[in-house]
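Student: Let me give you the structure first, and then I'll get to my questions.
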Amino acid sequence: MKTTCPEIAASIGGARGDFRTQDLLAARITLFAVDPMHPYPLGTVAPAQAATRFAALLGEALALDADLLRLRYLPPDALYGAGAPDLPAGSRIVPHRSSRVDVSGGWAPSRLGRNARKSLRRRTRALEALGPVRCEELIDPAQRSAACKRMLHWKRDWLNRRLKIAVGFRDPVFQTFFRTTFAQGDPAGYRLFALTVNGTPVAYQACLQDNTRLLSVISSFDNAHRRFAPGHLLTAAILERSRALRFDSYDMLPPASDYKHSLATDSDPCFEVIVPRTRLGRALLRLAGALGRA
């Protein structure tokens, strides 16, 4: 099963070609149509063609009415390969890394560091003291619909408690896409996993299946069980079942984090291009920089 950017873009209402507009405060921001549903807008383009394709996309984006362009996550070839475009004055290039776990030979907790292994065992045993713990893939439409609703609620609660802005997650387009696609879409391409205790979900993870690569789009957990780090336990359970679940690479997507780094066997550079187009756009970029958000 391959879930590609064009397929996702076609399912998004309100997108204009390769782009869509997001309103933030009083500003209009141009994004790739698939942001943040699929993180790699040039994922279907051969590396040798990435720069040429990005040059065409940038020209198209600059012709749109917007205060700011925010184009992520681009491969190095798009910005630095032959034929790469010159960016407008005032543009900012933000580096990111995408963390991956190679599970082509299987995966076991023994691949973790000593402290991480001990923590995983301790939390697993503590959770098992409450009842049988299982990792399940959700296929039934009713279960998937209920899971999506609960998942978004848990994620929103987690972000609010930590005072995180998370513009991508809060984007109404993303919310609608997630509720409809993961609840009603092909479960072979839009995969939902749950960690349950006594049959009750305590964590979820939603992933895109892209050939033999699994892309972790969003995860969330029940705050009442936070001391067990159920999201981490679910990730470990998914990795342990990689062969049965038919994937050999697990992509944790940007942005980077210490937790992702602790699991990763590889990481790939990618870039975000931010182009202010108006005075309001420049002011928003300065504000984002001051808040450490860009």
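Student: Want the number for ALA224 to LEU112: 0.36 nm per residue separation, take away the alpha-carbon distance, what's left?
Tutor: Contour length minus the Cα-Cα distance gives 37.7 nm.
Student: Three principal axis extents, largest first, for the C-alpha atoms of region 148-188, in Å?
Tutor: Each principal axis gives a Cα extent; for region 148-188 these are 34, 18, 14 Å.
Student: Only four residue types carry charge here, +1 at the Cβ of Lys and Arg and -1 at the Cβ of Asp and Glu. Report the dipole size of region 37-167 about the Cα centre in Debye, rounded to the nearest 20.
Tutor: 1260
Student: Could I ask something else about it? Under a Cβ-only charge scheme (Lys and Arg +1, Asp and Glu -1), can you give me the dipole magnitude of the chain about the Cα centre, in debye to the nearest 20?
Tutor: Roughly 1300 debye, rounded to the nearest 20.
Student: How much FRET efficiency would the formula 1/(1 + (r/R0)^6) give for ASN198 and ARG170, where r is the Cβ-Cβ distance and R0 is 35 Å, rounded to 0.05?
Tutor: Working from the Cβ atoms, E equals 0.60.
Student: Follow-up. Going by amide H atoms built from the backbone, whose H comes under 5 Å of the H on PHE19, apart from near neighbours?
Tutor: Residues meeting the criterion, in which the H sits 1.01 Å from N, are ALA33.
Student: Further, regarding this structure: In square angstrom, rounded to the nearest 10, how much accessible surface does LYS260 have for a 1.4 Å probe?
Tutor: LYS260 exposes around 40 Å² with every protein chain in place.
Student: Whole-Hz Karplus ³J(HN,Hα) for region 263-276, in order, using 6.51 cos²θ - 1.76 cosθ + 1.60 and θ = phi - 60°, x for Gly and Pro?
Tutor: Once rounded to whole Hz, the list reads 8, 5, 9, 8, 9, 10, x, 8, 9, 10, 10, 10, 10, x.
Student: Using a 1.4 angstrom probe on heavy atoms only, work out the carbon and sulfur share of the accessible area of the chain in %.
Tutor: Heavy-atom surface of the chain belonging to carbon and sulfur, 1.4 Å probe: 52 percent.
Student: Still on this structure, please answer the following. Which distance in nm do the two modelled labels at ARG121 and ALA46 give, with both placed 7 Å along the Cα-to-Cβ direction?
Tutor: 5.0
Student: How much accessible area per residue does region 41-150 have, in Å², with a 1.4 Å probe?
Tutor: 54
Student: Additional query: For percent of Cα pairs over 28 Å apart, the listed values are (1) 40; (2) 56; (3) 64; which was obtained by calculation from the structure presented?
Tutor: Matching the structure shown: (1).
Student: From the P(r) of region 125-238, could you give the percentage of C-alpha pairs in the tail past 25 Å?
Tutor: Across region 125-238, Cα pairs with separations above 25 Å total 19 percent.
Student: Could you tell me which of VAL94, GLN209, MET151 has its Cα farthest along the dipole of the chain towards the positive end, charges placed at Cβ (Lys, Arg +1; Asp, Glu -1), taken about the Cα centre?
Tutor: Working it through, the farthest residue towards the positive pole turns out to be MET151.
Student: Would you give the gap between the C-alpha center of region 204-226 and the C-alpha center of region 90-154, rounded to a whole Å?
Tutor: 6
The values are calculated or read from the model by the stated rules, or taken from the named source; none is laboratory data. What you see is a predicted model, and the numbers here were worked out from it, not measured in a lab. Note that each Cβ is placed from the backbone with ideal geometry, even for glycine, and that neighbours are counted across all protein chains shown. With ligands, DNA and RNA removed, areas are computed over all heavy atoms of the protein, side chains included. Shrake-Rupley method; radii C 1.70, N 1.55, O 1.52, S 1.80 Å.
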